[in-house]
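S.K.: Encoded as structure tokens, here's the structure I'll be asking about.
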Amino acid sequence: SGIARVWKSVLNSASFRDYLNESSIEFIVLDRSGQFRDSGFETIPFPTYDRMFPDADRLLIDKVVSARNIDLFVSSYYTFSHLCKSLFVAYDFIPEKFGFESLNRQWNERLLGLLAADFYFSISMSTTRDLLALYPFVEENQIVTCNPGVDRELFKLASEADVKRFKGTNSLDRYMVWVGGRSAGYKNSRLVFQAMENRKFDFSFVFVGGEPLNNVEMGSVNRMGNTAIHLELADEELVECLSGSLALIYPSSYEGFGLPPLESLALGIPVVTTLEASLPEAVGM
């Protein structure tokens, strides 16, 4: 996910570690996955989050905050503590914009996190505008807005040899790429499949991540003799896939930011997208 990409990049960046050292900031990771044992940070093993029992999770967080005299708690995904300052990271407002069930426990917890926060970090001006419009108790001077960037250690144009190998492994020649899920209506995947129903293309479509292609989608693909495949790729393979593509297709009507278009442009790959929400920020319009 984009959220995982942002946090992985930040925590692995030399500049972030240098900042902590220069500022004499003690940084502790509540490690829910076990993936940070060799990260160089102090870690505390922590249970996987269960959205049905957020109160129990918060009690455990408060115990750590109290025992270690934590000054600031920052959550990667909407948890918080009552016992210290809290920074809320705002990625997007999809539930509010698209009418997700407001009584769902998960979204109630997010509202509590918003209410408990002392400061807010937003990943786009679009998200900042949504935050201020949807939650009037948040004041503009409490928000810092900063766009995510590209992980340059990862997103380097793949060599011709690597691209050739990737294409050969997956029986590809000319193709366009879709990255991420398709089930959410605002992603507008239906536009791509509608196009395939009405026209024969001289290139293939590669859907990376998200759900496998279903029967309805494959029916649209096959109706005019087009071809499409679904792949699950590691990050390095995604770079090879994008490097060999004609373009990234990203017709979303809403994003908190939109890393795939930015990452594709960083490789010199054209992007077919919209001018909705944060996407102009992501592609530099």
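S.K.: Answer yes or no: is there a residue in the range 8-31 that is assigned to a loop (DSSP other than H, G, I, E, B), within 24 Å of Asp92 (Cα to Cα), open to solvent by less than 50 Å² (accessible area, probe 1.4 Å) and among the small types (Gly, Ala, Ser).
M.R.: Yes, because at least one residue in the range 8-31 is assigned to a loop (DSSP other than H, G, I, E, B), within 24 Å of Asp92 (Cα to Cα), open to solvent by less than 50 Å² (accessible area, probe 1.4 Å) and among the small types (Gly, Ala, Ser).
S.K.: Determine the pairs where a residue that is in contact (Cβ under 8 Å) with a residue 40 or more places away in the chain and over 20 Å from Asn21 (Cβ atoms), located within the range 37-56, has a partner that is assigned to a helix (DSSP H, G or I) and open to solvent by less than 80 Å² (accessible area, probe 1.4 Å) with Cβ atoms under 7 Å apart, the partner being 6 or more residues away or on another chain.
M.R.: Taking only residues 6 or more apart or on different chains, the pairs are Arg51/Gln106; Pro54/Glu109.
S.K.: Considering only the range 74-101, how many residues are surrounded by fewer than 17 Cβ atoms within 10 Å (Cβ to Cβ), without any contact (Cβ under 8 Å) to a residue 60 or more places away in the chain, part of a loop (DSSP other than H, G, I, E, B) and in contact with a helix residue (DSSP H, G or I) (Cβ under 8 Å, 6 or more places away or on another chain)?
M.R.: 4
S.K.: While we're here: Output yes when any residue across the range 131-139 is out of contact with any Pro (no Cβ under 9 Å at 6 or more places or on another chain), acidic (Asp, Glu) and farther than 20 Å from Asp31 by Cα, and no when none is.
M.R.: Within the range 131-139 (the criterion being out of contact with any Pro (no Cβ under 9 Å at 6 or more places or on another chain), acidic (Asp, Glu) and farther than 20 Å from Asp31 by Cα), the answer is yes, since at least one residue qualifies.
S.K.: Could you please give the count of residues in the range 168-187 that are closer than 19 Å to Thr227 by Cα and crowded, with 17+ Cβ neighbours inside 10 Å?
M.R.: Going through the range 168-187 one residue at a time, the tally reaches 9.
S.K.: Look through Leu233, Leu213 and report the one residue that is assigned to a loop (DSSP other than H, G, I, E, B), among the hydrophobic types (A, V, I, L, M, F, W, C) and more than 14 Å from Asn170 (Cβ to Cβ). Before you say what the answer is, go through the steps one by one.
M.R.: Numbers: Leu233 fails: more than 14 Å from Asn170 (Cβ to Cβ).
Testing whether each residue is assigned to a loop (DSSP other than H, G, I, E, B), among the hydrophobic types (A, V, I, L, M, F, W, C) and more than 14 Å from Asn170 (Cβ to Cβ) leaves just Leu213.
S.K.: Of the conditions (1) open to solvent by 20 Å² or more (accessible area, probe 1.4 Å); (2) in contact (Cβ under 8 Å) with a residue 24 or more places away in the chain, Ile61 fails just one. Which one is it?
M.R.: Unmet for Ile61, out of (1) open to solvent by 20 Å² or more (accessible area, probe 1.4 Å); (2) in contact (Cβ under 8 Å) with a residue 24 or more places away in the chain: (1).
The values are calculated or read from the model by the stated rules, or taken from the named source; none is laboratory data. All of these numbers come straight from a predicted model, not from anything done at the bench. Neighbour counts run over all protein chains shown; Cβ positions are idealised from the backbone, glycine included. The protein model used for the area step is the full one, side chains on, heavy atoms only, and it has no ligands, DNA or RNA in it. Shrake-Rupley method; radii C 1.70, N 1.55, O 1.52, S 1.80 Å.
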